[in-house]
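Trainee: Pasting in a structure now, in structure tokens, and then I'll have a few things to ask.
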Amino acid sequence: MGSLSDFLRNFLKNKGHFVFGSLLVAKICGFIGSLIIIRLLSENDFGLISIVASLSAVFLAFSGFGSQQILLRYGSIAKNSKERNAVSAYLLKQGFYYQILLSFIFLLCSFFYLDRFEKIIFLFIAFAVRLIGVFFYNHIQSQLRITRRNKEFARLNNVVNISGLVLILILTYFFGIIGYLIAMTLMPFFALFWFKSINLSEKIELKLSKKEIWKYGLFTAGTAVLGDALFSLDIILMGFLMNESAVANYKTAILIPANLTFIAMTFMQSDFPELARNHQNKNFIKYYISNYYKIFIPLCISIFFAMFLLDDFIVKLFFGEKYQGIETSFLILTSAFLLNMLMRNLYGNLLSAVGKMEYNTIISAIALVVLVALSIFLVPKFGIEGMAISQSVTLFITGLLLMSGFLSHYRKLS
């Protein structure tokens, strides 16, 4: 169907570069923010934040009971701007009520930790408020996407993430963990400045079935929760099986490897509409997979050898001498996430594009069971290296299952 150069030209024509660029900025800001708190906070404080933030990530995936996913789909297929405004206004109101409920449930989770960590209740309160801010942030992002305002979407993301990073640096430096909590709580609320560019004032009757849209929202949010839970459950399990110092060491070891997959994920997000439009075109899918591997196999091999040769230097440079000793876990996780780019990321997104979301959901649920079982067995014996092995084996198994599921579907195409 075309060469690699044609494939790359088509990627640029999709006009996803605004989205790609802003997501890249967000990822870089998140990474630098993590480095800042690793450097400025004690191991115990960083471990506590990692525990609460990992649990918060599960609730973030369920923001507004999936209202932003509903807005993305049903707002995109709306016939005109009036219908889009009707959907947006309804989801903003109803989703906010659901988000208040979710934040309250998140606060209740703190009771499982109060007997072990004294200060943790303050972290839960701060992150509960942050969840509400993220709801507004997500809603505005979806509104900009459905109105095809990718440039404004990029500006929103850049302002929120860059200003948030500056705030984290200043407040954490001067006030420690309290300053960090204030910065993280305020950060998503910066998005409220974009409400002035979104017309939600018109009162228009919602023509869609409320039962239908919330069923869709809960299903897609549930899938997202299971997927995100895989990368939060390891931290949560470490909190129960080890201590906050071990949590900090594992969180540090996984920080760079987990962020490597961003390149592949963003690449496929930008191409997702094209994949969805061609979901029954067997030749296009074969062409896409072939060219994807032409790009990412050499990239993954290069990254692995660079990490293998420079692991000691990288750990010392980014995290400081106090985290030396995590190099083995760092390399195990690097290998796992590079394979993840070639298997789980690729075939999971392809399954979503062809409409097989339920298979993704099933595999995500299986992944949680596998991770828990392996962690209970390996972490008490091998510490953070045991958790690194558990997460790596889980990613590999689920990658194989997703690849198998997609190839089964692919063979049925005419």
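Trainee: Which one is nearest to D228 (Cα to Cα), of the residues in segment 57-109 that are in contact with a Gly (Cβ under 8 Å, 6 or more places away or on another chain) and β-branched (V, I, T)?
Mentor: I70
Trainee: Any idea which of S404, S375, S329, S364 is surrounded by fewer than 20 Cβ atoms within 10 Å (Cβ to Cβ) and among the hydroxyl-bearing types (S, T, Y)? Steps first, please.
Mentor: Values: S375 fails: surrounded by fewer than 20 Cβ atoms within 10 Å (Cβ to Cβ); S329 fails: surrounded by fewer than 20 Cβ atoms within 10 Å (Cβ to Cβ); S364 fails: surrounded by fewer than 20 Cβ atoms within 10 Å (Cβ to Cβ).
On inspection, the qualifying residue turns out to be S404.
Trainee: Of all residues in segment 211-239 being aromatic (F, W, Y) and in the same structural domain as L60 (by TED's automatic domain parsing), which is surrounded by the most Cβ atoms within 10 Å (Cβ to Cβ)?
Mentor: Our first condition is that a residue be aromatic (F, W, Y); within segment 211-239, this holds for 214, 216, 219, 231.
After this cut, where a residue has to be in the same structural domain as L60 (by TED's automatic domain parsing) as well, the list is 214, 216, 219.
Working: W214: 19, Y216: 15, F219: 15.
Result: W214.
Trainee: Can you tell me which residue is modelled with the lowest pLDDT among those in segment 98-129 that are closer than 15 Å to D45 by Cβ and hydrophobic (A, V, I, L, M, F, W, C)?
Mentor: Filtering first and then ranking leaves F117.
Trainee: Taking segment 151-196 as the region of interest, how many residues are closer than 20 Å to I38 by Cβ, aromatic (F, W, Y) and either surrounded by 16 or more Cβ atoms within 10 Å (Cβ to Cβ) or touching a Lys or Arg at 6+ places or on another chain (Cβ under 8 Å) (or both)?
Mentor: Result for segment 151-196: 1.
Trainee: Could I ask something else about it? Return the only residue of I146, I132 being in contact with a Gly (Cβ under 8 Å, 6 or more places away or on another chain) and touching a residue at least 12 places away in the same chain (Cβ under 8 Å). Show your work before the answer.
Mentor: Values: I132 fails: in contact with a Gly (Cβ under 8 Å, 6 or more places away or on another chain).
The match here is I146.
Trainee: Under the condition of being touching a helix residue (DSSP H, G or I) at 6+ places or on another chain (Cβ under 7 Å) and closer than 19 Å to F62 by Cβ, which residue from segment 82-93 is surrounded by the most Cβ atoms within 10 Å (Cβ to Cβ)? Before the answer, list the steps.
Mentor: Within segment 82-93, the first condition is being touching a helix residue (DSSP H, G or I) at 6+ places or on another chain (Cβ under 7 Å), and the residues that meet it are 84, 87-88, 91-92.
Narrowing the set further to residues that are closer than 19 Å to F62 by Cβ leaves 91-92.
Working: L91: 28, L92: 20.
Restricting to residues being touching a helix residue (DSSP H, G or I) at 6+ places or on another chain (Cβ under 7 Å) and closer than 19 Å to F62 by Cβ, the top hit is L91.
The values are calculated or read from the model by the stated rules, or taken from the named source; none is laboratory data. Source: prediction; values computed, not measured. Positions of Cβ are backbone-derived with ideal geometry, glycine not excepted, and every protein chain shown enters the neighbour counts.
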